[in-house]
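S.K.: Please see the structure below; I have some questions.
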Amino acid sequence: MIRINAFFVVKAGVTTAQVKAVTDELVEKSRQDAGNKGYDLFESTTQPGVYMFCESWENSELLDKHARSEHFTRLVPQLESLCERGLSIEKFER
């Protein structure tokens, strides 16, 4: 099992609605990818503009396939354009 925690900070002036316009589709489609065990987005209650994806994957092969999917390669660059420094990824294995 692989766990990904991906953090990002949106640029000043970016709204929650703008973030959700991209992330809602990413979450919905990623949950349908083979090997996905969970895919959620959280907004910080203590740090405005800070978000975190929590993802669980069956194995590295299926995670790699997800990273090459149409929705991922289309939506992640859109999300990164809203972020200050892109996504900060932490990967864990069990």
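S.K.: What's the number of the condition Glu90 fails, among (1) surrounded by fewer than 12 Cβ atoms within 10 Å (Cβ to Cβ); (2) in a loop (DSSP other than H, G, I, E, B)?
M.R.: Answer for Glu90: the failing condition is (2).
S.K.: Given (1) acidic (Asp, Glu); (2) open to solvent by 80 Å² or more (accessible area, probe 1.4 Å); (3) under 11 Å from the mean Cα position of the chain (by Cα), where does Glu43 come up short, assuming only one miss?
M.R.: The failed condition is (3).
S.K.: Another question, if that's okay. Looking only at segment 1-17, filter to residues that are aliphatic (A, V, I, L, M) and loosely packed, with under 14 Cβ neighbours inside 10 Å; which one of those is farthest from the chain's Cα centre (by Cα)?
M.R.: Ala12
The values are calculated or read from the model by the stated rules, or taken from the named source; none is laboratory data. Owing to the predicted nature of the structure, the values given are computational and were not obtained by experimental measurement. As a convention, Cβ positions derive from the backbone with ideal geometry for all residues, glycine included, and neighbour counts pool all protein chains shown. Calculation scope for accessible area: heavy atoms of the full protein, side chains included, ligands and nucleic acids excluded. Shrake-Rupley method; radii C 1.70, N 1.55, O 1.52, S 1.80 Å.
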